[in-house]
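Have a look at the structure below, then the notes.
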Amino acid sequence: MRKLFLLAILVFISILPIAQAQPQPPATTTHGSHPAHGSGPGTATTTYFDGAIWWNYVKVLAGDDMEGRETGSFGLHKAQEYVVEQLRRAGLEPAGSKSYYQPMQFESRQIVEKESSLALVHQGQVEPLTLGDDAIFNTRVNLAPSVEAPLVFAGYGLAIPELNYNDLAGLDLRDKVVVIFSGAPEEIPGALASHYQSASERWKALRKAGVRGVIMIPNPAAMDIPWSRISANRAHPSMALKGAEFDDTPGEDLALTMNPERAQKLFPGSGHTLQELVDLVKDRKPLPHFELALSVRARAVVNRKTLESANLAAQLTGSDPKLKNEYVVLSAHLDHLGIGEPINGDRIYNGAMDNASGSAVLLDLIGSLKKSPQKLKRSLLFLFVTGEEKGLLGSRYFTAHPTVRPGSMIANINIDMFLPIVPLKVLTVYGLAESDLGDMARETAESMGVQVQADPEPQRNAFIRSDQYNFIRHGVPALVMSVGFEKGSPQQEIFKNWRTQRYHAPSDDLDQPVDLATAGKYEEIVRALMIRAANDPGRPQWKANSFFRRYGPMASGSF
Ligand SMILES: [Zn+2]
């Protein structure tokens, strides 16, 4: 850290406001029965945020009356009205297509299980599968009413030309359904693995090989949500953006997720066992490829509806005559899962951490700028997107149809479930090594006494699992930052337990332990990074060796 230290200090001083630090209103919040704990010794001074106002915003957005903020729902609309009110009060200019709103249309799809069925066919013998216990339909894909096709096991189902890696080579996949494991072998670097595992990239390769459908077995060692919870909400509608330009999986007739504990049903007569494969997947080892002795027979009845939802966009115009035409984009998804199957009697999936927490950071940043105005050279664009939980759809729409000039967005700082549940010692920066923005984030955090690390769990694919990914794909250097832990530390267990118990469950609500000092410090880092990106003379560039450089502004021809 020493080499960067002097530079970091200079950076920090240069972004200090002229006005003295403004004290925040006193904390009046409580967290159910769980008091917030402090960050302990070694905490750098926090200037603007103590976490209390942040928590007040979280309480509003994750309240039961917001009904879990599902895309297209009354609850999300209500949350949006609240956010728009805050934007107005702060004097931010509308930057949507209809004032602060950018509406878009979705197709909602719900499986009708009573009229749907699934079976394996083995030498003329039909073995019915139980929907929910054995497998579930993935309605994000536009399912065909019926499919019957032989099965082939295709490893991870990945084709990565730049590494000469191809799970599909040598297999006859025409009109077959492939069985694959989620994940990627260890030899493939994190960002690249994430990119090629996105639904669109994986399907591109499979489609080219003639594949009709996909049965995905989750890697049991990397499942955030236990199967029982995945299965419980399988009849919850999924959504897709209307318009062929947004169809990531054209021609995919069948998409199933198989319960990894029941997946041995796919392998009899293949000469392989599920256990043998799971042992390899657990260690992210290469997988064999082979034909299976079975066919799948599927009937899927899907209820389709059209609905509308919107992103929210607001801007704070910069002061430099030239640079004000460029934007630093701060984004967070406001939507969550809505009302679903009850767990312990609770049906409201409040999404306090996912992602009322990130939306609250944006609101708190906006409030801090109003109280302690900064002369910023570039403009700031605050974006509260919809449809994230449905597959990053709001950010997908925004980046395809931006409300500011394409190419004017110089950086995206996305905030999604940053999890202030332990003292902030380590910040995980997803996308750290990909662009200059990563260096800025490192210097900013280190100047505040916080260590920085790259993604410690690349197999979780966090890099493509939130809205920053759509900015990356449109050439905008982007990152997302979370409160981190050192591998093997006791904190790792805290995060793991949080994911198993609260992630995408009704218990991600207001009654959970939260570290307000950590939240405040996180906000300091975001604010300092945002200001630095807004004032830096040059725009952040992709690293010469970054895979994602191919999407960069020069490549996309936006200029
Ligand atoms: Zn989520």
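Points to keep in mind about this one:
- Accessible area (Å², per residue) of the range 408-481, counting only protein heavy atoms and a probe of 1.4 Å: 21 Å²
- Only protein atoms count toward the accessible area here, which uses a 1.4 Å probe; on the range 153-193, the carbon and sulfur part of that area reaches 46 percent.
- 3J(HN,Hα) along the range 264-272, derived from phi through the Karplus expression 6.51 cos²θ - 1.76 cosθ + 1.60 where θ = phi - 60°, amounts to 4, 4, 8, 10, x, x, 8, x, 10 Hz, with x in place of Gly and Pro.
- Carbon and sulfur %, accessible surface of the range 502-545 computed with the full protein complex present, 1.4 Å: 51 percent
- Net charge contributed by nearby residues that have their C-beta within less than 10 Å of Leu510 (K/R +1, D/E -1): -3
- Sequence ranges 501-508, 370-377, 408-415, ranked by mean other-Cβ count within 10 angstrom, highest first: 408-415, 501-508, 370-377
- Sequence-distant residues sharing a close amide H with Ser435 (under 5 Å, placed H): Lys543
- Prolate/oblate/rounded label for the chain (Cα gyration tensor, a/c 1.5): prolate
- Heavy-atom accessible surface of the range 217-340: percent carbon and sulfur, 1.4 Å: 50 percent
- For the range 83-207, the residue among Tyr196, Leu129, Gly155 whose Cα projects farthest onto the positive side of the dipole built from Cβ charges is Tyr196.
- Lysines with Cα under 16 Å of Lys204, excluding same-chain neighbours fewer than 8 positions away: Lys176
- Residue-normalised accessible area of the range 287-375, given per residue in Å² at a 1.4 Å probe: 38 Å²
- Shape category assigned to the range 395-441 from the gyration tensor of Cα positions, a/c cut at 1.5: oblate
- Among Trp542, Ala505, Gly520 - extreme Cα towards positive end, dipole of the range 503-544, charges at beta-carbon: Trp542
- Crossing angle, helix 52-61 versus the chain [Cα axis fit, 0-90 degrees, rounded to tens]: 40 degrees
- Relative contact order %, the chain, counting alpha carbon pairs below 8 Å whose residues are six or more apart: 23 percent
- Protection proxy ranking, peptides 314-320, 437-443, 337-343, average beta carbon neighbours within 10 Å, highest first: 437-443, 314-320, 337-343
- Note on the chain: dipole from Cβ charges, positive end direction compared against Ala232, Gly72, Tyr551; the farthest Cα belongs to Tyr551.
- Cα-based shape type of the range 318-398, given that a ≥ b ≥ c are square roots of the gyration tensor eigenvalues and the cut on a/c is 1.5: oblate
- The range 100-140 - accessible surface per residue (Å², probe 1.4 Å): 47 Å²
- For the range 495-512, backbone phi angles converted through the Karplus equation (6.51, -1.76, 1.60; θ = phi - 60°) give residue-by-residue couplings of 5, 4, 5, 4, 5, 5, 8, 10, 4, 6, 10, x, 7, 7, 10, 7, 9, 8 Hz, Gly and Pro being listed as x.
- Percent of beta bridges antiparallel (DSSP, the chain, rounded to nearest 5): 60 percent
- When nucleic acids and ligands are ignored and a 1.4 Å probe is applied, Ile217 ends up with an accessible area of around 0 Å².
The values are calculated or read from the model by the stated rules, or taken from the named source; none is laboratory data. Because the structure is predicted, anything quoted here is derived from the model rather than measured. All Cβ positions, even for glycine, are placed from backbone atoms using ideal geometry, and neighbour counts span all protein chains on display. Calculation scope for accessible area: heavy atoms of the full protein, side chains included, ligands and nucleic acids excluded. Shrake-Rupley method; radii C 1.70, N 1.55, O 1.52, S 1.80 Å.
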